[in-house]
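Have a look at the structure below before the remarks.
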Amino acid sequence: MPANRPSARHPIEAPEGAARRRSRWPLGDIGVERFMRDYWQRRPLLVRRALPGLQPPLDVDALRALAARDEVESRLVSAFDGRWRLRHGPFDAGALPGLRRRRWTLLVQGVDLHDERAHALLARFRFVPDARLDDLMISLASDGGGVGPHLDSYDVFLVQAWGRRRWRIGWPASRELVAGLPLKVLARFEPSHEFVLEPGDMLYLPPGWAHDGVAEGPCMTCSVGFRAPSRHEFLAAFLADAAEAPGGADPRFGDAGRRAVTRPARVPADLHAQLARWARDWRPSPAAIDAFVGRFLTEPKPQVWFQRGQKLAAGRFAALAARDGVRLDRRTRIAYRRQVFVNGEAFEAGRRAAHWLRRLADARRLGPRDAAQALAEPRCTELLLQWYEAGWLHLAEI
Ligand SMILES: [Mn+2]
């Protein structure tokens, strides 16, 4: 159990001040600094009217249409007649139950990759680094719909977008699951808190908190999901990458002068010793680690494909970018440290070019004036054109 194990006595509901701060961050009077210090990864927080006036990014029909697409990850969880059932999309039109039928939920993952308004909602949570942000999932539920009491390994903000949902939450006494179900439902769930969320309300849950959300009438909930690599996930990817990297010398085992053996199944001592030495002596260089970390953190999701942009001469591209500005494709993952990393690739840039690329990464766009200055750097023009042709970046239509 973590040292910061939450206590049921700690107040979970954020106080509503008289002067709600106008902010693009969805934390109202709590403020992002205080939220990160006191709540993030530590304890749940309910913020009433966190996003006042929030409209659902998609309507019901648009969400159903997304769930019909091959490249969109969707699931349907139902509990008709009290029996849990899980089906995976895509779902043809007509394959989904009507909203008047009770007790089902449609979960659509990665909606931010497909819809600009969903992407904009996710972007309001960029007070957490991009490398930790995962995606925006939207769940559409009919009355009584939910996925049962469960816990997740990641932080989540549950934003009520339309209709009402009753949440019951608690620190799990046991992680035991109900056997034989197609989804992970906790066998024993003893909630310590209960709230009904209305449109614009938001519930934050740190990893490991048990929660059960049940729709009260048809409703839509947006889940802002996070990513946190495990050591195993990171090392598996790192070692696979290192094994494929075209390296320098690749010495091979040799055994000239070996004597004939009478016990052929025995592992030869010299062969064992050589392999052990290779394993022990393998040290990735700091540069190789740095490059891989950035590539790993910006790797697009497997279902993401970019449509290549048109070929443009550098001069023409620079003229259009200086007129219109540039913006990153909403699916582009970008991060920087010493190098700039885009969609799983590492790029070197000099100090002046790096300044503009970092600015583009943080703002995800450069207006015409900034773009004109950036394009005065030849390395910027080269990279931005390359990213434009890869479909990672677009000329901003105003
Ligand atoms: Mn959950």
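Values quoted throughout were computed directly from the atomic coordinates according to the rules given, and no laboratory measurement underlies them. If you're wondering where the values come from, they're calculated on a predicted model, not measured in any experiment. Methodologically, a virtual Cβ is constructed for each residue, glycine included, from the backbone with ideal geometry; neighbour enumeration extends over all protein chains shown.
Given the DSSP H assignment, sum -39500 (n - 2.57) over each helix run of at least 4 residues in the chain and divide by its residue total; what's the result at 222 nm in deg cm²/dmol, nearest 500?
-8000 deg cm²/dmol
Could you work out the percent of alpha carbon pairs in the chain separated by over 26 Å, rounded to a whole number? Display every interim value, and only then the final one.
Working: 49943 of 79003 pairs.
Taking all Cα-Cα pairs of the chain, the fraction more than 26 Å apart is 63 percent.
Ignoring the sites themselves, what is the longest stretch of the chain with no GluC sites (Glu not before Pro) in a DSSP loop and at most 16 other beta-carbon atoms within 10 Å?
177-347
Hey, what did the range 291-398 get for relative contact order, percent, Cα under 8 Å, at least 6 apart?
Details: 172 pairs, mean separation 44.0, N = 108.
Relative contact order here is 41 percent.
Step by step: find N for the range 219-336, compute 2.2 N^0.38 Å, then divide the Cα radius of gyration by it. What's the final number?
In units of the globular-protein estimate, the range 219-336 measures up at 1.81.
To the nearest whole percent, what portion of all C-alpha pairs in the range 17-110 is separated by more than 20 angstrom?
The answer is 57 percent, as a whole percent.
Can you tell me the mean projection area, over all orientations, of the convex hull of the range 28-226's alpha carbons? Units nm², please.
That works out to 10.8 nm².
Quick one: compute the contact order of the chain, relative version, from alpha carbon pairs under 8 angstrom and 6+ residues apart, as a percent. If you can, show how the numbers build up before the last one.
Details: 702 pairs, mean separation 54.3, N = 398.
For the chain, the relative contact order is 14 percent.
Over the range 28-226, calculate the relative contact order: mean separation of alpha carbon pairs under 8 Å at least 6 apart, over the residue count, as a percent.
On the way: 462 pairs, mean separation 54.7, N = 199.
RCO, the range 28-226: 27 percent.
Build a GNM of the chain with springs between Cα atoms under 10 Å: which of A50, A240, A374 gets the top mean-square fluctuation?
The residue with the greatest mean-square fluctuation here is A240.
Please report the net charge: other residues with Cβ closer than 11 Å to the Cβ of L106, K and R +1, D and E -1.
Every neighbour counted, the sum reads +3.
Between A321, A354, A269, find the one with the highest GNM mean-square fluctuation for the chain; connect C-alpha pairs within less than 10 Å.
Answer for the Gaussian network model of the chain: A269.
Based on other C-beta atoms within 10 Å, arrange R85, R327 from fewest to most. Mind showing how you got there, number by number?
Numbers: R85 14, R327 19.
Ordered from fewest to most neighbouring Cβ atoms within 10 Å, R85, R327 come out as R85, R327.
In the range 338-398, which trypsin sites (Lys or Arg not before Pro) are in a loop and have at most 14 other Cβ atoms within 10 Å, using DSSP for the loop call?
On the way: sites: R338, R351, R352, R358, R359, R364, R365, R369, R379; in loops: R338, R364.
When the trypsin sites (Lys or Arg not before Pro) of the range 338-398 are filtered for loop state and at most 14 Cβ neighbours within 10 Å, R338 remain.
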